[in-house]
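Here is the structure we will look at.
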Amino acid sequence: HAKKSGRNTYAFYDDALTINANHKLRLAVELRQCVQNNELALYYQPQVDLVTGQIIGVEALLRWHHPERGLLSPIHFIEVAEERSIIHDITRWVVETGCQQLKAWHDAGAPISMAVNISPRNLADVTFVQVVAEALDKTGADPRFLELEITENTLIENQANALRVLEQLREKGVGIAIDDFGTGYSSMAYLKRYPISKLKIDRHFIKDIQSQSPDEEEVAIVSAMIAMADSLGIGVVAEGIETLHQQAILHELGCTFGQGYLYRRPAPAADIGELLGVEND
Ligand code: C2E
Ligand code: MG
Ligand code: MG
Ligand code: MG
């Protein structure tokens, strides 16, 4: 450690940066190969109707089967992929694979929706609408059951292109969900300007309402977000529901949909197919 080696904090910080830079460089080299090496996989997590308990859709969550480090969550590599523009290939693979699975589940008799996560970089890309259109075309998936998840700040960062891209996608019937809602800087004005179909309340707000005697302020914040979605006439999903108590409060507050470990952790397509009661190919 820095103290024991007698180095000052700056030297220590420098070392950390170098290690970090080397690590990133290596990660980037490996990432460039991950699509063609068939190392990517999608896991799926159910979204449920809080009134009926039925599974109404799934969110596709990316995983990387790293040859040495095992199964990696995107929190370990998406940032590097974005910095090196590898994100475009990855997103194309994610959208296409998600659409393929959506089509397979619909054909098997499960009319659920499929949400996929999009990076802010994708909305700055003028060819992105084409990428989605091609995936839909190629797979035959129904665009009305596809939903793209973007974070709030994506809208503010890409003002010029984002509105056009999102409008074109909505015209095709594709849904747009605001992910991690409440952690960014969007205002009611932003939400009204963009063709948004769903808000996903960030799990940190859901965590805050979990105590047995819920702090009224925390509940009020979640309640206000639900009211905001209602007044915009769009759906609302609570992320990160882990307890029956959280589920009960959210149901009481009029939240329509929920997602979280209480229902199911993200799992491979075969497991989710079983849950949906459909045959796996
Ligand atoms: P997200 O889109 O907000 O996805 C929800 C994350 O919360 C997932 O983490 C999920 O496994 C986790 N989660 C679900 N239920 C619970 C719960 O009850 N409790 C807790 N503590 N966590 C829960 P994951 O899979 O590690 O993904 C992390 C983030 O990586 C995602 O957050 C999303 O921003 C990003 N991501 C995932 N897949 C993709 C992708 O295909 N493309 C891009 N660009 N980003 C992706
Ligand atoms: Mg998401
Ligand atoms: Mg989220
Ligand atoms: Mg997130």
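Some points to look at:
- L72 passes every criterion in (1) without any contact (Cβ under 8 Å) to a residue 12 or more places away in the chain; (2) open to solvent by 60 Å² or more (accessible area, probe 1.4 Å) apart from (2).
- If you check R193, R203 for being more than 23 Å from V95 (Cα to Cα) and away from ligand 3 (no atom under 16 Å from the Cβ), only one passes: R193.
- Verdict on E218 being among the acidic types (D, E), under 20 Å from the mean Cα position of the chain (by Cα) and open to solvent by less than 50 Å² (accessible area, probe 1.4 Å): no
- Pick from region 143-170, criterion among the charged types (D, E, K, R) and within 18 Å of G233 (Cβ to Cβ), ranking: surrounded by the most Cβ atoms within 10 Å (Cβ to Cβ): E147
- All positions within region 99-119 that are under 18 Å from P46 (Cβ atoms) and either within 16 Å of ligand 3 (Cβ to nearest atom) or not in a helix (DSSP H, G or I) (or both): A108, G109, A110, P111, I112, S113, M114, A115, V116, N117
- Test result for L61, crowded, with 17+ Cβ neighbours inside 10 Å and closer than 20 Å to I150 by Cβ: yes
- Cβ-Cβ contacts under 7 Å between residues 6 or more apart (or on different chains), taken from a first residue in region 241-267 that is touching a residue at least 60 places away in the same chain (Cβ under 8 Å) to a second residue that is part of a helix (DSSP H, G or I) and surrounded by 21 or more Cβ atoms within 10 Å (Cβ to Cβ), are listed as G258/Q247; G258/L250.
- Among (1) in contact with a Leu (Cβ under 6 Å, 6 or more places away or on another chain); (2) away from ligand 4 (no atom under 16 Å from the Cβ); (3) within 18 Å of R121 (Cα to Cα), the one test that P143 misses: (3)
- Some residue of region 58-74 being assigned to a helix (DSSP H, G or I) and over 14 Å from P266 (Cβ atoms): no
- Within region 169-194, residues that are in contact (Cβ under 8 Å) with a residue 24 or more places away in the chain sit with their Cβ atoms under 9 Å from residues that are open to solvent by 60 Å² or more (accessible area, probe 1.4 Å) and within 13 Å of ligand 2 (Cβ to nearest atom), at 6+ positions apart or across chains, in these pairs: D180/R203.
- Yes/no for L232 being at pLDDT below 95 and either open to solvent by 30 Å² or more (accessible area, probe 1.4 Å) or within 21 Å of Y44 (Cβ to Cβ) (or both): yes
- Restricting region 190-215 to residues that are open to solvent by less than 30 Å² (accessible area, probe 1.4 Å) and at pLDDT below 90, the residue that is nearest to ligand 1 (Cβ to nearest atom): I209
The values are calculated or read from the model by the stated rules, or taken from the named source; none is laboratory data. Everything numeric in this text was worked out from a predicted model, so none of it was measured. So basically every Cβ, Gly included, is an ideal-geometry build from the backbone, and we count neighbours across all protein chains shown. We work out accessible area using only protein heavy atoms, side chains counted, and drop any ligands, DNA or RNA first. Shrake-Rupley method; radii C 1.70, N 1.55, O 1.52, S 1.80 Å.
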